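The values are calculated or read from the model by the stated rules, or taken from the named source; none is laboratory data. As the structure is a computational prediction, the values presented were derived from the model and not from experiment. Cβ placement follows ideal geometry from the backbone for every residue including glycine, while neighbour counts extend to all protein chains displayed. Calculation scope for accessible area: heavy atoms of the full protein, side chains included, ligands and nucleic acids excluded. Shrake-Rupley method; radii C 1.70, N 1.55, O 1.52, S 1.80 Å.
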Amino acid sequence: LSYLEKIGLPAQYMSIEITENLLLHVSKNAKHKLLQFRDASIQVAIDDFGIGYSALSYLRRFDIDMLKIDQFFIHNLETDHNNRVLSEAIIIMAHKLGLQVTAEGVETEAQFRILRELGCDFVQGYYFSCPLPAAGFEKYLLRS
């Protein structure tokens, strides 16, 4: 938080990603830091949601802002009915709890279309771009 203040970046523009597993085995120190982030308006996202040992009560306990659906559910979204149903259930549950949802590992237009139909808030994956360093991202933005 002091570094954000030093560089003049408002905390509400930051997001940290944690795993479900961290929430299940959270130390007092980590719990304190998560609550500090929340109080500073830093978004907290649970990465790879759905593949760990979900403890849904922790979503409210730590004031989580976003769930990131693991790419395992997205990979066969067009052909695996269960993956579609589970993705939809995660999206509906998250929205009912006031959380946003990001789908990870989107690689095809069909996956993107399905996720849009299901009401997913954000998507990320190779369909849009591979991971880029800062300079490459700037070039990507200028091209778009």
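Surface analysis of the chain yields an accessible area of 63 Å² per residue, using protein heavy atoms and a 1.4 Å probe.
Rounded, prolate or oblate: pick one for the range 60-144, where a ≥ b ≥ c are the square roots of the eigenvalues of its C-alpha gyration tensor, a/c under 1.5 means rounded, and failing that, prolate if a/b is larger than b/c, else oblate. Oblate is the answer for the range 60-144, as a/c is 1.5 or above yet b/c matches or exceeds a/b. Taking only protein heavy atoms and a 1.4 Å probe, the accessible area of the range 21-144 is 54% carbon and sulfur.
Oblate is the label for the chain. Its Cα gyration tensor axes, ordered a ≥ b ≥ c, give a/c of at least 1.5 and b/c at or above a/b. Ordering Ser2, Ser87 by accessible surface, largest first, gives Ser2, Ser87; the 1.4 Å probe counts only protein heavy atoms, with every chain in place.
Stretching Thr108 away from Arg61 to a fully extended chain increases their span by 13.4 nm, per 0.36 nm per residue minus the current alpha-carbon distance.
When the surface is traced with a 1.4 Å probe over the full set of protein chains, Lys33 keeps roughly 100 Å² accessible. Would you look at the GNM of the chain, springs on alpha carbons closer than 10 Å, and say which of Asp48, Asp121, Asp65 moves the most? Comparing Asp48, Asp121, Asp65 in the GNM, the peak value goes to Asp121.
Leu115 sits among other residues whose Cβ lies under 12 Å from its own Cβ, and their net charge, with Lys and Arg +1 and Asp and Glu -1, is -4.
Projecting label points 7 angstrom from Cα along Cα→Cβ for Asn21 and Phe72 puts them 1.1 nm apart. The heavy atoms of Arg60 offer some 110 square angstrom of accessible surface to a 1.4 angstrom probe. Tally Lys/Arg at +1 and Asp/Glu at -1 over every other residue whose Cβ is under 15 Å from the Cβ of Thr79; what's the total? For residues surrounding Thr79, the net value is -2. Taking label points 7 Å from Cα along the Cα-to-Cβ direction, Asp121 and Thr79 give a separation of 3.2 nm.
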